[in-house]
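Take a look at the structure below.
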Amino acid sequence: MPKDATGAKAAAASGKSKKKWSKTKSKENKAVNAVLFDAATYQKLTQTIPSGKLITISSVSERLQVNGSCARRAIKMLAAQGLIKPISVNSSQMIYTRATKKEEETTPEKAQ
């Protein structure tokens, strides 16, 4: 083969575009969460959240579509009212569960 033919083949081969692995750029949909409680969200907070078995910041944020700081405040408020009880409270993760009536009944008897 003459040198010109091999050079032409090499030039033709290098002229092809390289394979692109990502065909499309998919953008994650960012959640648009509320930063304040409105009347409907507050009512949902007081009715549905205290009945859950596992209550964390992320679960409250997901269910009510509020941001994390609102979820933290809501959990602290429910705990102060006695509707939920803490299991593990840490600076990074707060885990709560519902307060059962059996425990509320036994607590006053111990005080007497």
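Computed from the coordinates by the stated procedures, all read-outs in this text should not be read as laboratory data. Since we're looking at a predicted model, the values are computed, not measured. Cβ placement follows ideal geometry from the backbone for every residue including glycine, while neighbour counts extend to all protein chains displayed.
At a 10 angstrom cut-off on C-beta neighbours, averaged per residue, how do the peptides 29-39, 66-76, 47-57, 90-100 rank from highest to lowest?
So the order, starting with the most tightly packed, is 66-76, 47-57, 90-100, 29-39.
Here r is the Cβ-Cβ distance between Ser92 and Leu36 and R0 is 25 Å; the resulting FRET efficiency, rounded to 0.05, is 0.55.
The phi-based Karplus calculation (6.51 cos²θ - 1.76 cosθ + 1.60; θ = phi - 60°) puts the 3J(HN,Hα) values of the stretch 47-56 at 9, 9, 5, x, 8, x, 6, 10, 10, 10 Hz, whole numbers, x for Gly and Pro.
Averaging 1/r over every pair of different alpha carbons in the stretch 39-100 and inverting the result gives a Kirkwood radius of 11.3 Å.
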